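*Asks:* Below you will find the structure I want to go over with you.
The values are calculated or read from the model by the stated rules, or taken from the named source; none is laboratory data. Please read these numbers as outputs of a predicted model, since none were measured by experiment. Because the Cβ atoms are built from the backbone with ideal geometry, glycine has one as well, and the counts that use them run over all protein chains shown. To get the accessible areas, we keep the full protein, side chains included, count just its heavy atoms, and leave off ligands, DNA and RNA. Shrake-Rupley method; radii C 1.70, N 1.55, O 1.52, S 1.80 Å.
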Amino acid sequence: MTGKGLRSAAWFEGEGLRAFSHNARMRQLGLNPAEHLGKPVIAILNTWSGINPCHMHLRERAGQVERGVWAAGGHPLEFPVATLSETFQKPTPMLYRNLLSMETEELLRSYPVDGCVLMGGCDKTTPALLMGAASAGLPTIFVPAGPMLRGHWRGGKLASGTDMWRYWDEKRAGTISDADWAEIQSGLARSPGTCMTMGTASTMTAAAEALGLTLPGASSIPAVDSAHHRMAAAAGTRIVEMVREGLAIGDVLSAEAYEDAIRTVLALGGSTNSYIHLIAMAGRSRIPLALDDFDRLSREVPVLASVQPAGEHLMEDFYYAGGLRGLLSRLRGSLHLDRITVTGRTFGEDLAGAEVHDPSVIRPVDDPISAEGGLAVLRGNLAPGGAVIKYVAADPSLWRHTGPAVVFHGYRDLQARINDPDLEVTRDSVIVLAGSGPKGGPGMPEHGMLPIPDKLLREGVRDLVRVSDARMSGTSYGACVLHVAPEAHVGGPLALVRDGDLVTLDVEARVLRVEISDEEMRRRRAAWTPPPPTFERGYGALYYEHITQADQGCDFEFLSRPGRDPEPDAH
Ligand code: FES
């Protein structure tokens with residue numbers, strides 16, 4: 001391919017003053033004409049930041065991608081983009097997922113870029129980058145950050161998030177000491193990389209691989225393994241070939257690819273957050289995807305990955321057991337093997353030779369962790385737009401339960417009263433949190449694993465039915481009904497539940513209901529007063545005015561709608 005066939009040629013080729021100016025500035029960057037003219041320009045979008053421990057190795061890894069790009073005859077340009085650090089960014093990185101997606105899309109559109117490598121993995125980063133890239137439509141390859149190594153404490157494993165919540169409950173119950181707790185803090189996160197449980201990060205990077213957007217096997221490689229270095233360089237090489245082949249992201253992202261990604265998430269026992277993200281990503285690909293698609297597939301797909309919180313092991317074990325390729329080899333019969341991936345081969349060809357080395361980590365189809373996908377979509381008068389539960393990570397005795405509601409309005413109310421000794425709560429209660437949805441949260445924070453009151457913990461209670469319009473960390477667990485739509489802030493039925501109302505959860509029947517009459521519901525709604533907006537200016541106001549509900553992916557409606565996307569005039 002000559003430079004003339006490249007999108008970047010609009011910036012660099014020709015006799016006009018604009019091309020002269022652009023090339024003069026390339027000289028200013030220290031580049032000789034032979035180093036970039038006529039070569040595919042590859043943007044490396046790097047979410048490295050000093051505040052993001054999950055991405056702390058990506059500065060070094062970008063150099064390895066560059067090495068691959070140069071080796072293939074391309075011209076790499078690294079772009080630092082926003083970092084969404086799940087741990088540190090408040091109120092929640094979910095508030096900023098769409099901002100990073102907009103930054104991704106607009107950088108790719110407005111600069112002389114022929115193809116891109118996206119680097120990241122911490123929870124919201126993967127969907128944000130892929131949503132933006134899907135809208136931009138260029139050749140795209142994703143380099144997952146990779147999971148961190150196993151945590152360790154006193155000869156045992158520690159799991160990101162999952163064990164933090166578990167030992168926090170034990171500390172509150174008085175079964176571990178302050179010294180134990182300090183040791184756990186030091187052993188929990190031992191290396192760069194994303195959470196090593198099957199949290200949102202590992203779920204979404206696996207989804208990206210199943211969509212066909214990574215090199216085969218890339219999502220399972222631990223962040224610090226030398227295979228991760230080699231994968232990064234190989235991705236740099238491959239993206240240059242993709243530009244030359246004209247293989248764009250839209251050629252990879254098909255309805256079949258999304259269905260395979262959902263099957264993968266379900267077989268992994270993946271994070272409930274993936275529902276929201278995959279719906280949003282599919283929206284950018286103009287592919288309709290609804291909660292009911294997840295529920296339908298959930299009834300067909302067994303959970304095969306024994307990775308915490310649904311199973312026993314961690315991502316490092318999963319990698320040694322065969323990784324995602326091993327798991328996909330178990331699902332071959334139900335996958336769309338003829339679709340193209342970023343390798344230029346079919347998905348089936350990419351799986352050639354994949355096998356499982358440890359069936360205790362990646363279980364056989366006839367000996368699954370759970371015969372169904374472990375994620376259920378619930379509906380009823382409490383969630384007309386739907387709600388979700390990862391029931392495989394909940395106490396099975398609570399899968400069918402009716403109990404009196406103990407209602408909190410907003411997280412501050414919950415924090416203030418949940419441990420009040422006078423709170424009327426028993427092991428049969430249903431804890432309800434209203435006001436933590438996309439608008440009300442704001443940003444739909446991961447408050448959905450509502451704390452169990454101290455007095456119940458001391459009685460030995462370790463799970464309760466909990467219902468909210470919030471999300472939950474993929475590393476969390478428990479009988480937590482999440483994403484109730486519409487949210488309370490916009491007048492969803494959750495806003496109308498009162499203390500003592502009987503709430504019914506029935507996972508098998510896919511029901512979430514408050515046992516009050518339609519007439520009573522109408523009476524309460526008529527008396528309901530809308531709360532004030534959570535933002536009045538700035539990005540928050542943009543977010544507040546345009547965010548959609550959880551069942552629609554929480555994208556901005558102006559980003560997901562179809563419309564004209566003109567190329568910039570570079571001449
Ligand atoms: Fe980054 Fe968990 S905090 S992946």
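*Asks:* Suppose R0 equals 60 Å; then what is the FRET efficiency for E519 and E60 from their Cβ-Cβ distance, rounded to the nearest 0.05?
*Replies:* Values: r = 64 Å, r/R0 = 1.06.
It comes to 0.40.
*Asks:* Strictly greater than 22 Å: what percent of every Cα pair in the range 230-309 meets that? Working shown, then result.
*Replies:* Working: 1295 of 3160 pairs.
The share of Cα pairs beyond 22 Å in the range 230-309 comes to 41 percent.
*Asks:* Next question, about the same structure. Do me a favour and compute the ellipsoid semi-axes for the range 92-245 from its Cα gyration tensor, root of five times each eigenvalue, largest one first, whole Å.
*Replies:* Details: eigenvalues 255, 61, 21 Å².
After diagonalising the Cα gyration tensor, the semi-axes are 36, 17, 10 Å.
*Asks:* Can you list the lysines whose alpha carbon is less than 20 Å from that of K455, not counting same-chain residues fewer than 8 positions off?
*Replies:* Leaving aside lysines fewer than 8 places away in the same chain, those within reach of K455 are K171.
*Asks:* Follow-up question, since we're still on this one. First check a/c for the range 183-253, with a ≥ b ≥ c the square roots of the eigenvalues of its C-alpha gyration tensor; if it is under 1.5, answer rounded, and if not, answer prolate when a/b is larger than b/c or oblate otherwise.
*Replies:* oblate
*Asks:* Collect residues whose amide H, placed 1.01 Å from N in the peptide plane, falls under 5 Å from the amide H of W153; neighbours closer than 5 in sequence don't count.
*Replies:* Here the answer is L158, since their amide H atoms fall under 5 Å of that of W153.
*Asks:* Using alpha-carbon pairs under 8 Å, 6+ residues apart, how would you state the relative contact order of the range 323-404 in percent?
*Replies:* 20 percent
*Asks:* Excluding ligands, DNA and RNA, what is the solvent-accessible area per residue of the chain at a probe of 1.4 Å, expressed in Å²? Present the calculation step by step, with values, prior to reporting the outcome.
*Replies:* Working: 21350 Å² over 571 residues.
Each residue of the chain exposes 37 Å² on average to a 1.4 Å probe.
*Asks:* With a/c under 1.5 counting as rounded, go ahead and sort the range 321-441 into rounded, prolate or oblate using the C-alpha gyration tensor (a ≥ b ≥ c being the square roots of the eigenvalues; past the cut-off, prolate if a/b is larger than b/c, else oblate). Walk me through the numbers on the way to the answer.
*Replies:* Details: a/c = 3.00, a/b = 2.27, b/c = 1.32.
Cα axes put the range 321-441 in the prolate bin.
*Asks:* Suppose we keep just the DSSP beta bridges with both residues in the chain; what percent of those would be antiparallel, to 5? Each step should come with its number before you reach the end.
*Replies:* Working: 24 of 54 bridges.
Of those bridges, close to 45 percent are antiparallel.
*Asks:* Tell me the label-point distance for the pair A527, V365, using the 7 Å Cα-to-Cβ offset, in nm and rounded to one decimal.
*Replies:* 5.5 nm
*Asks:* Given a 1.4 angstrom probe, I'd like the percentage of the accessible area of the chain that is carbon and sulfur, rounded to a whole number. List each step's numbers first, then the result.
*Replies:* Numbers: 11080 of 21350 Å².
Carbon and sulfur atoms account for 52 percent of the accessible area of the chain.
*Asks:* Gain in length, Q28 to W168, computed as 0.36 nm per residue apart minus the alpha-carbon separation, to one decimal in nm?
*Replies:* Fully extending the segment from Q28 to W168 adds 44.9 nm.
*Asks:* Provide, as a two-decimal number, the C-alpha radius of gyration of the range 451-542 over 2.2 N^0.38 Å, N being how many residues it has.
*Replies:* After normalising by residue count via 2.2 N^0.38 Å, the value is 1.32.
*Asks:* To the nearest 500 deg cm²/dmol, what mean residue ellipticity at 222 nm is calculated for the chain from DSSP H runs of n ≥ 4 alone, each contributing -39,500 (n - 2.57), summed and divided by the residues?
*Replies:* Details: 22 runs with 208 residues, N = 571.
Helix-only estimate at 222 nm: -10500 deg cm²/dmol.
*Asks:* Next question. Can you tell me the length gained on complete extension of the stretch D413 to E567, counting 0.36 nm per residue apart and subtracting the Cα distance?
*Replies:* Numbers: separation 154, 0.36 × 154 = 55.44 nm, distance 4.90 nm.
Going from the current span to full extension adds 50.5 nm.
*Asks:* A further question on this structure: Cα extents of the range 1-127 along the three principal axes, largest first, in whole Å?
*Replies:* Result, largest extent first: 51, 26, 26 Å.
*Asks:* Sticking with this one: How many percent of Cα pairs in the chain exceed 47 Å? Numbers along the way, then the final one.
*Replies:* Working: 21413 of 162735 pairs.
Here the long-distance tail beyond 47 Å is 13 percent of all Cα pairs in the chain.
*Asks:* Name the longest site-free stretch of the chain, where the excluded sites are trypsin sites (Lys or Arg not before Pro) in a DSSP loop with no more than 16 other beta-carbon atoms within 10 Å. Display every interim value, and only then the final one.
*Replies:* Numbers: sites that count: R154, R190, R286, R299, R345, R427, R462, R498, R537, R564.
Formally, the longest exposed-site-free interval is 1-153.
*Asks:* Right, something else. At q = 0.15 Å⁻¹, work out log10 I(q)/I(0) for the range 297-379 with the Debye formula, treating every Cα as an identical point scatterer and leaving solvent out; two decimals please.
*Replies:* Cα-only, vacuum Debye calculation for the range 297-379: -0.58.
*Asks:* Also, I was wondering about something else. Spin-label point model (7 Å from Cα, Cβ direction): what's the Y539 to S186 distance in nm?
*Replies:* Those two pseudo-labels are separated by 3.7 nm.
*Asks:* Can you pull out the GluC sites (Glu not before Pro) in the range 317-424 that DSSP calls coil and that have at most 13 other Cβ atoms within 10 Å?
*Replies:* Details: sites: E349, E355, E372, E424; in loops: E355, E372, E424.
Here the GluC sites (Glu not before Pro) that fit, given the DSSP loop and packing criteria, are E355, E424.
*Asks:* If you don't mind, another one. Computed FRET efficiency, Cβ-Cβ of R400 and R332, R0 51 Å: what is it to the nearest 0.05?
*Replies:* Computed FRET efficiency for R400 and R332 comes out at 0.90.
*Asks:* With a cut-off of 8 Å between alpha carbons and a minimum separation of six or more residues, what is the relative contact order of the chain in percent?
*Replies:* Details: 1309 pairs, mean separation 76.5, N = 571.
The value is 13 percent.
*Asks:* Rounded to the nearest Å, what's the spacing between the alpha carbon centres of the range 505-571 and the range 244-311? Just the number, please.
*Replies:* 22 Å
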